[in-house]
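Since the structure comes first, as structure tokens, the remarks are kept for the end.
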Amino acid sequence: MGRTVPSFRNLLEEITSELSVFRRALRGEDKTAFDSLMNHARKHASSCTVAPALDPMDAVFLSILVEQQKELMSLREAIARVPSGCQVRSGEQHHNEMA
């Protein structure tokens, strides 16, 4: 018997294709962020496939949220390991560009 539920990976690529006009309207770093979000969704395609009752966009959003939550938890753990009284510095330098 064949598969009755369409592949979520195919649905995700269709969604990404439909959002291509939105992506093109984004600025450089926003396009990078958008691509990163879509990659987060791709990481969870297998999980989304076994939950066919979910709307595909809901599954995309949940996948992205799971990845962002993992990143938040990792950052919180890293901050918790910093001894109190120490400053945490970003690896990037920020410049005021209001000239």
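The values are calculated or read from the model by the stated rules, or taken from the named source; none is laboratory data. This one's a predicted model, so the numbers in the text were calculated from it and none came from an experiment. All Cβ positions, glycine included, derive from the backbone under ideal geometry; neighbour counts span all protein chains shown.
Report the residue count in the range 22-31 for those that are part of a helix (DSSP H, G or I) and either at pLDDT below 95 or hydrophobic (A, V, I, L, M, F, W, C) (or both).
Going through the range 22-31 one residue at a time, the tally reaches 3.
Output yes when any residue across the range 17-39 is out of contact with any Pro (no Cβ under 7 Å at 6 or more places or on another chain), among the β-branched types (Val, Ile, Thr) and surrounded by 14 or more Cβ atoms within 10 Å (Cβ to Cβ), and no when none is.
Scanning the range 17-39 turns up no residue that is out of contact with any Pro (no Cβ under 7 Å at 6 or more places or on another chain), among the β-branched types (Val, Ile, Thr) and surrounded by 14 or more Cβ atoms within 10 Å (Cβ to Cβ).
Just to be sure, is Ala59 modelled with pLDDT of 85 or more, of a type in the set (A, V, I, L, M), surrounded by 10 or more Cβ atoms within 10 Å (Cβ to Cβ) and over 15 Å from Leu11 (Cβ atoms)?
Criteria not met by Ala59.
For Arg42, all conditions in the list (1) surrounded by 15 or more Cβ atoms within 10 Å (Cβ to Cβ); (2) of a type in the set (Lys, Arg); (3) at pLDDT 95 or above hold save one; what is the number of the exception?
Answer for Arg42: the failing condition is (3).
Considering only the range 84-98, I want to know if a residue exists there that is at pLDDT 90 or above and among the basic types (Lys, Arg).
The answer is no, given that none of the residues of the range 84-98 is at pLDDT 90 or above and among the basic types (Lys, Arg).
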